[in-house]
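Contents: one structure, followed by commentary.
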Amino acid sequence: MIKDYEIFNFKDEDIQNVILLTCTEDIYFLQDDIYDRLSGSFGSEFTVLVDLFVRNGFSYNRFISLKYKGKDNIKTLIVNPRDISEKIKYEIRKYLKKHLDILNKSALSMNTIEFVKSS
C-alpha cells in the first residue's frame, strides 16, 4: 500500500524537513494529518517543505512551504525550485526511482516518468 506522503529529514540543509507527496491528493486534505504526525516532534509551530512532484512535475509549483502556527493556522507559500538544494532534489529522485509504483500512479506524463527513470 502506498502512503500519501513520505517524510525526509536533511539535518545538514537549510530546509530540514521535506515531505514528498506520493499521491495525487490535494495537499489541503493532508494538512491535518501532516500536523498530527510532526507536531509531536516539532511542537505546534513549525515549517515543512512539501514536494508536489507527483502532481505537478518539474513546474514552478513543485515545492510549497507549509508554516504551521497550530493546527488551524497554516500559511502556504510557493517555493522557487531554484531555492531548493540539489541534494534534496537528488534524494527525492532516487526515492522515486526506487519506488516506481508511485511514478506509475502519478499525474505525470509518460515522458516525465521516463525521464525520471533514466536520470
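Of everything in the range 23-80 that is among the basic types (Lys, Arg) and surrounded by 12 or more Cβ atoms within 10 Å (Cβ to Cβ), the residue that is nearest to the chain's Cα centre (by Cα) is ARG62. Restricting the range 100-119 to residues that are surrounded by 14 or more Cβ atoms within 10 Å (Cβ to Cβ) and not in a helix (DSSP H, G or I), the residue that is farthest from the chain's Cα centre (by Cα) is LEU108.
I want to confirm something. Restricting to the range 1-22 and keeping residues that are among the polar types (S, T, N, Q) and either part of a helix (DSSP H, G or I) or at pLDDT 90 or above (or both), which single residue is surrounded by the most Cβ atoms within 10 Å (Cβ to Cβ)? Result: THR22. Taken together, the residues in the range 59-81 that are outside any strand (DSSP E or B) and of a type in the set (S, T, N, Q) amount to 4. Has the range 48-58 got at least one residue that is outside any strand (DSSP E or B), among the aromatic types (Phe, Trp, Tyr) and either in contact (Cβ under 8 Å) with a residue 60 or more places away in the chain or more than 22 Å from ARG93 (Cβ to Cβ) (or both)? Taking every residue of the range 48-58 in turn, none turns out to be outside any strand (DSSP E or B), among the aromatic types (Phe, Trp, Tyr) and either in contact (Cβ under 8 Å) with a residue 60 or more places away in the chain or more than 22 Å from ARG93 (Cβ to Cβ) (or both). Just so you know, in the range 54-71 the residues that are among the hydrophobic types (A, V, I, L, M, F, W, C) and in contact with a strand residue (DSSP E or B) (Cβ under 7 Å, 6 or more places away or on another chain) include one that is farthest from LEU100 (Cα to Cα), and it is LEU66. Of all the numbered requirements in (1) under 20 Å from ASN9 (Cβ atoms); (2) crowded, with 18+ Cβ neighbours inside 10 Å, LYS89 misses one, and that requirement is (2). Please determine whether any residue of the range 41-60 is of a type in the set (Asp, Glu), modelled with pLDDT under 95 and closer than 16 Å to ALA107 by Cβ. No; the residues of the range 41-60 include none that is of a type in the set (Asp, Glu), modelled with pLDDT under 95 and closer than 16 Å to ALA107 by Cβ. Scanning the range 72-105 for residues that are out of contact with any strand residue (DSSP E or B) (no Cβ under 7 Å at 6 or more places or on another chain) and of a type in the set (A, V, I, L, M) yields a count of 4.
Looking only at the range 12-22, residues that are in contact (Cβ under 8 Å) with a residue 60 or more places away in the chain, more than 18 Å from LYS97 (Cα to Cα) and within 14 Å of the chain's Cα centre (by Cα) come to 1 in all.
The values are calculated or read from the model by the stated rules, or taken from the named source; none is laboratory data. Because the structure is predicted, anything quoted here is derived from the model rather than measured. All Cβ positions, even for glycine, are placed from backbone atoms using ideal geometry, and neighbour counts span all protein chains on display.
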